[in-house]
Amino acid sequence: MSIVDIHTHVYPPSYMEILRSRTNVPYVRTFPPDPIPRLLVLPGEDGPTSTSTSRGRPIGPEYYSIEHKIAFMDAHEIDISVISLANPWLDIVEPSEAAQRACEINDEMNSMCLQYPGRLFMFGALPLKGTLEETVLEIKRLRGLSCVRGVVMGTGGLGNGLDDQKLDAVYAALQEEELTVFLHPHYGLPAEVYGPRAAEYGHVLPLALGFPLETTIGVSRMILSGVFDRHPTLSILLAHSGGTLPFLAGRLESCIAHDLHLAAGPVRRNIWDVLAKNILLDAVIYSSVGLKAAVAVAGADRVLFGTDHPFFPPMNPGGQGWLSVTMNYDAVSAAFGDSAEAKGILGGNAVKLLRLEL
Ligand code: URA
Ligand code: ZN
């Protein structure tokens with residue numbers, strides 16, 4: 001049985017150069033006297049001078065070295081990883097440079113994967129800041145890169161979110177090329193919702209709640225705008241077990257059924273049908289409660305193990321065992337023991353759904 005991690009990120013060296021060259025979030029720099037560089041990546045994270053964890057996090061080779069990724073996989077018995085560029089992807093590049101950056105970074109990551117044949121695959125990044133034509137062209141080019149199995153995307157789309165009709169050309173190309181969209185949050189919720197004491201709580205509110213709600217709203221807007229009616233075989237993998245979608249799907253469906261505005265529009269596919277056929281959920285939810293909910297809505301054959309490496313490292317510097325990984329392993333075994341379902345979630349589903357053979 002193979003163990004597959006489908007939620008695992010890198011900032012390849014050329015992206016690190018971009019982060020090091022910037023002075024506003026996201027960026028990487030040192031704050032003397034501490035010699036260790038820090039990554040400030042989340043919107044609004046560039047707060048008051050302090051060494052608390054709310055001012056970014058230390059960043060080392062686990063973020064950009066593929067040897068470190070492999071060592072991490074070996075330490076946690078992960079056979080295969082499907083790596084993705086970490087947030088905020090190419091959302092930060094100049095429009096005129098987007099297409100070329102996408103091409104370079106995707107080629108760079110594909111070369112990283114080729115250093116470990118059969119152990120590494122990838123989700124490519126899209127030049128969404130460039131022109132629509134450039135994004136569609138990159139999708140077609142990605143299909144030809146041997147390690148690419150899908151694309152990673154945030155919720156911003158072309159600037160107006162994922163229900164933007166202009167994205168239809170992108171969705172059509174992804175459907176045609178059979179590339180899975182890995183939908184991942186970055187922007188969270190407006191800072192005011194966290195209140196004036198937010199800084200006291202470090203990254204907890206934006207990461208634990210802002211991220212999943214962003215994903216939930218992003219995919220709900222896709223469903224409401226009929227993306228899955230127009231692209232019935234588009235496949236989308238939702239980060240963090242779909243945010244809160246498994247828990248709120250019934251309420252979403254009920255609100256649709258009771259909304260006169262929507263009743264006057266075209267007939268939409270039922271949410272449960274979209275969940276069962278178009279949506280894959282990762283198992284990055286750290287508890288059997290959330291994992292069972294994910295399986296209840298997507299099916300045990302459509303939930304896929306992940307780690308979110310290199311984010312959430314051990315709290316003791318240099319620590320080996322990643323709690324963020326063991327919590328996700330423990331959730332699978334608490335919910336499904338050693339069953340066929342557990343084996344599917346841990347790797348079998350990913351091998352099949354993402355064609356993880358060379
Ligand atoms: N923080 C991030 O910025 N990205 C992740 O994927 C996880 C935590
Ligand atoms: Zn992630």
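We did not get these values from a lab; they are worked out from the coordinates using the rules stated. The model shown is predicted, which means the values in this text are computed figures rather than measured ones. For neighbour counting, all protein chains shown are included, and Cβ atoms are generated from backbone atoms with ideal geometry for every residue, glycine included.
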### Task
State, as an integer percentage, the relative contact order of the stretch 66-156 based on alpha-carbon contacts under 8 Å between residues 6 or more apart.
33 percent
### Message
Explain nothing, just compute: Karplus ³J(HN,Hα) = 6.51 cos²θ - 1.76 cosθ + 1.60, θ = phi - 60°, for every residue of the stretch 281-291 in order, whole Hz, x for Gly and Pro.
### Response
10, 7, 10, 8, 9, 6, 7, 5, 5, x, 5
#### Entry: Over the chain: helical MRE at 222 nm, DSSP H runs n ≥ 4 each giving -39500 (n - 2.57), nearest 500
-10500 deg cm²/dmol
### ³J(HN,Hα), Karplus 6.51/-1.76/1.60, whole Hz, each residue of the stretch 125-130, x for Gly, Pro
9, 10, x, 5, 7, x
### Task
Please give the net charge around residue 25, taking every other residue with its beta carbon less than 15 angstrom from that of residue 25, where Lys and Arg add +1 and Asp and Glu add -1.
+3
## Note on the structure
For the stretch 83-221 the mean separation of alpha carbon contacts under 8 Å (6+ apart) over residue count, i.e. relative contact order in percent, is 22 percent
### Summary
Percent relative contact order for the chain, counting Cα pairs under 8 Å at least six residues apart, stands at 17 percent
### Query
Two-decimal Rg/Rh of the chain from alpha-carbon positions, Kirkwood Rh?
0.94
### Query
Within the stretch 268-285, what residues put their amide N at less than 15 Å from the label point 7 Å along the Cα-to-Cβ vector of residue 163?
268-269, 271
### Message
Under a crude label model (7 Å from the Cα following the beta-carbon direction), how far is residue 36 from residue 287 in nanometres?
### Response
2.9 nm
### Message
Show me, for the stretch 148-153, the HN-Hα J-couplings you get by feeding each phi into the Karplus relation (A = 6.51, B = -1.76, C = 1.60, θ = phi - 60°), rounded to Hz, glycine and proline as x.
### Response
7, 10, x, 10, 9, 9
### Message
I'd like the isolated cysteines in the chain, meaning no second cysteine's beta-carbon lies under 4.7 angstrom from theirs.
### Response
103, 255
### Query
Using 1/(1 + (r/R0)^6) with R0 = 45 angstrom and r between the beta carbons of residue 254 and residue 204, what's the FRET efficiency to the nearest 0.05?
0.90
### Query
Whose amide H sits under 5 Å from the amide H of residue 83, counting only residues 5 or more places off or on another chain, with H placed in the peptide plane?
121, 122, 123
### Summary
Residues whose modelled amide H sits under 5 Å from the amide H of residue 304, counting only those 5 or more places away in sequence or on another chain, are 281, 282, 283
